[in-house]
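Below you'll find the structure, written out as structure tokens, and then a few comments.
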Amino acid sequence: MTVELLARIQFAFTIAFHYLFPPLSIGLGVVLVIMEGLYLKTKNILYEQMAKFWVKIFSLTFAMGVATGIVMEFEFGTNWATYSRYVGDVFGSALAAEGIFAFFLESGFLAVLVFGWNKVGPKMHFFSTCMVSLGSMMSAVWIVVANSWMHTPAGYHIVGEGSNARAEITDFWAMVFNPSSVERLLHTLSGAWLAGATLVLSVSAYYLLKKRHKKFAQASFKIGLALLVFASLFQLVTGDISAVGVSKNQPAKLAAMEAHYDSSAAADLYLFGWVNDNDEKVEFGIAIPKLLTFLIHGNFTTPVRGLDAFPRSDRPPTAVVFQTYHIMVAIGFALIALSLLGVYLLWRKKIFSHTMVLRLFLFSVLLPQIANQAGWFTAEIGRQPWIVYGLLRTADAFSKNVHSSQIIFSLILFGIIYFILFILFIFLLDQKIKHGPEEASEIPSEFEHQKQLFAS
């Protein structure tokens, strides 16, 4: 394998593993705000019990996200030196903003969130919870801004030539609000909310199936279900907006997402299929005729730019992009269906006794993770062969002085370390879930002090 391919595999592996955890942190942060807000409003100790339990899970995912995220920044310098030099001014600004406005905010209030239950008043603790949740979402803002600039560069000019060329920011806010940043941010956040909601639903369903912590599980389930309904429907809206944006800004990617080759024809919307890129057709597929054209243009006749409008050297790997995109979409609709089924059964007061549906919710935690990974692959592979769209090709971006043996060694080393970290994460998560929440009778007597602070 070439150095370029190995460098891409290594970065894809490290970022895919890292991306298991930030969506959970962002989603659980919102859940914690809801639970603790209900505690403040109702003074019902059950909501405090719920918040204390989920803070433990949040802390674990936050720690894993930090530990696995540091590695990627070093890879920019080791494996992607040309790329780092080219986008250093842009990425440096966005990552500095993330550190100042997001990470410091999140980590600064994290200690109060985790350890301050009986050391600060309920209102101050709730404020800390809100700041941690806001910090986690602000972190996503700046990471998505930096990544979106690679898809739709704006607010820059190029200085230098050849291998010394680099992008410099001329308009910071144009860089921040580049053509794809807002729509991609909303889509990313809704995916994170889905990850947090399904984790809450999965653990709640587990307790209900085991007939443990019934009141806790039922209350947690209702909160998780409410967030799932909102996030899944919001995901549908943001997905549609993102697809329209891709059609304007990255038409080759959109054509690959639906394996649309003929620029003179209206585009079908495939439910599934197998792409034969050599013959430029989809085999064994089922499609809704001209629906993609309608979703983009509002009619059934306007042609959609196809892959035949681009040289083969400028086309993304169509088969991979097609499959990852359709996996993401299928899971999105499955989560909408599951959320509406849950609402219907909750309305009928049958959800907590419906064993089969509870089992569906038990395993639902896997779906947003798969969809988030598939969506990320669609976005990044669909950008190829460009690492900065229209400006810098991936083949020109990697470090010329790195040997394949060095990348293979580090990739094996990362694989071993990440495997150990993942096993440790699963073990600790399993231990916390099996231990369960503190029962109301186990909550320290300082709660009386908390109630006095409420009154004041």
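The values are calculated or read from the model by the stated rules, or taken from the named source; none is laboratory data. All of these numbers come straight from a predicted model, not from anything done at the bench. All Cβ positions, even for glycine, are placed from backbone atoms using ideal geometry, and neighbour counts span all protein chains on display.
Return yes when Gly160 is modelled with pLDDT under 85 and more than 23 Å from the chain's Cα centre (by Cα) and no when it is not.
For Gly160, the condition - modelled with pLDDT under 85 and more than 23 Å from the chain's Cα centre (by Cα) - is met.
Residue-wise test of (1) at pLDDT below 85; (2) loosely packed, with under 12 Cβ neighbours inside 10 Å; (3) of a type outside the set (Gly, Ala, Ser); (4) under 23 Å from the mean Cα position of the chain (by Cα).
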{"site": "Ala371", "(1), (2), (3), (4)": "no, no, no, yes"}
{"site": "Leu421", "(1), (2), (3), (4)": "no, no, yes, yes"}
{"site": "Gln452", "(1), (2), (3), (4)": "yes, yes, yes, no"}
{"site": "Ala455", "(1), (2), (3), (4)": "yes, yes, no, no"}
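Out of all the residues in segment 175-191, is one or more farther than 20 Å from Gln373 by Cα and either in a helix (DSSP H, G or I) or of a type in the set (Lys, Arg) (or both)?
yes
Report the residue count in segment 239-260 for those that are closer than 15 Å to Thr302 by Cα and either surrounded by fewer than 19 Cβ atoms within 10 Å (Cβ to Cβ) or among the β-branched types (Val, Ile, Thr) (or both).
The qualifying residues number 3.
Considering segment 325-351 alone, what residues qualify as being more than 14 Å from Val229 (Cβ to Cβ) and buried (at least 19 other Cβ atoms within 10 Å of the Cβ)?
Tyr325, His326, Met328, Val329, Ile331
Quick test of your reading of the structure: Ala51 fulfils all but one of (1) within 26 Å of Lys400 (Cα to Cα); (2) small (Gly, Ala, Ser); (3) in contact with a helix residue (DSSP H, G or I) (Cβ under 6 Å, 6 or more places away or on another chain). Name the failing condition by number.
(1)
Within the set of pairs 6+ apart or on separate chains, which have a first residue in segment 11-30 that is of a type in the set (A, V, I, L, M, F, W, C), a second that is not in a helix (DSSP H, G or I), and C-beta atoms under 7 Å apart?
Phe11/Asn79
For Ala266, state whether it is part of a loop (DSSP other than H, G, I, E, B), in contact with a strand residue (DSSP E or B) (Cβ under 8 Å, 6 or more places away or on another chain) and not aromatic (Phe, Trp, Tyr).
No.
Can you tell me which of Phe310, Phe294 is within 29 Å of Trp149 (Cα to Cα), surrounded by 14 or more Cβ atoms within 10 Å (Cβ to Cβ) and in contact with a Phe, Trp or Tyr (Cβ under 7 Å, 6 or more places away or on another chain)?
Matching residue, one of Phe310, Phe294: Phe294.
Look at segment 264-288 and say how many of its residues are surrounded by 16 or more Cβ atoms within 10 Å (Cβ to Cβ) and of a type outside the set (Val, Ile, Thr).
9
Could you tell me which of the residues Val237, Val144, Val244 is out of contact with any Gly (no Cβ under 6 Å at 6 or more places or on another chain) and either without any contact (Cβ under 8 Å) to a residue 12 or more places away in the chain or assigned to a strand (DSSP E or B) (or both)?
The conditions single out Val237.
Kindly indicate whether any position in segment 161-182 is buried (at least 23 other Cβ atoms within 10 Å of the Cβ) and over 27 Å from Gly239 (Cβ atoms).
Taking every residue of segment 161-182 in turn, at least one turns out to be buried (at least 23 other Cβ atoms within 10 Å of the Cβ) and over 27 Å from Gly239 (Cβ atoms).
Starting from segment 37-48, keep only residues that are farther than 18 Å from Lys214 by Cβ, then list their pairs with residues that are of a type in the set (A, V, I, L, M, F, W, C) whose Cβ atoms are within a distance under 7 Å, requiring at least 6 positions of separation or different chains.
The qualifying pairs are Gly37/Phe126; Tyr39/Ala51; Leu40/Phe126; Lys43/Phe454.
Inside segment 375-397, can you point out the residues that are surrounded by fewer than 20 Cβ atoms within 10 Å (Cβ to Cβ), small (Gly, Ala, Ser) and closer than 23 Å to Phe13 by Cβ?
Within segment 375-397, just Ala395 meets the criteria.
Quick one: which helices (runs of 4 or more DSSP H) lie wholly within segment 13-118 and hold at least 1 residues that are surrounded by 15 or more Cβ atoms within 10 Å (Cβ to Cβ) and under 17 Å from the mean Cα position of the chain (by Cα)?
22-42, 45-78, 81-98
Please state which one of Ala174, Ala165, Ala197 is in contact with a helix residue (DSSP H, G or I) (Cβ under 6 Å, 6 or more places away or on another chain) and of a type outside the set (Val, Ile, Thr).
Going through Ala174, Ala165, Ala197 in turn, the sole match is Ala197.
Checking the condition assigned to a helix (DSSP H, G or I), buried (at least 20 other Cβ atoms within 10 Å of the Cβ) and out of contact with any Asp or Glu (no Cβ under 6 Å at 6 or more places or on another chain), which residue from Ala226, Ala217 passes?
Ala217
Just wondering, is there one or more residues in segment 353-365 that are surrounded by 20 or more Cβ atoms within 10 Å (Cβ to Cβ), among the hydroxyl-bearing types (Ser, Thr, Tyr) and either touching a Cys at 6+ places or on another chain (Cβ under 7 Å) or in contact (Cβ under 8 Å) with a residue 40 or more places away in the chain (or both)?
Checking segment 353-365: at least one residue is surrounded by 20 or more Cβ atoms within 10 Å (Cβ to Cβ), among the hydroxyl-bearing types (Ser, Thr, Tyr) and either touching a Cys at 6+ places or on another chain (Cβ under 7 Å) or in contact (Cβ under 8 Å) with a residue 40 or more places away in the chain (or both).
Which of (1) exposed (fewer than 13 other Cβ atoms within 10 Å of the Cβ); (2) modelled with pLDDT under 90 is the odd one out, the single condition Ala440 does not satisfy?
For Ala440, the failing item is (1).
Just need a number here: residues in segment 155-167 that are outside any strand (DSSP E or B) and within 17 Å of Leu95 (Cα to Cα).
The total comes to 1.
Between residues in segment 415-426 that are touching a residue at least 24 places away in the same chain (Cβ under 8 Å) and residues that are surrounded by 14 or more Cβ atoms within 10 Å (Cβ to Cβ) and assigned to a helix (DSSP H, G or I), which pairs lie under 6 Å by C-beta distance while being six or more apart or on different chains?
Partner pairs satisfying both residue conditions: Tyr418/Phe17; Phe425/Met64.
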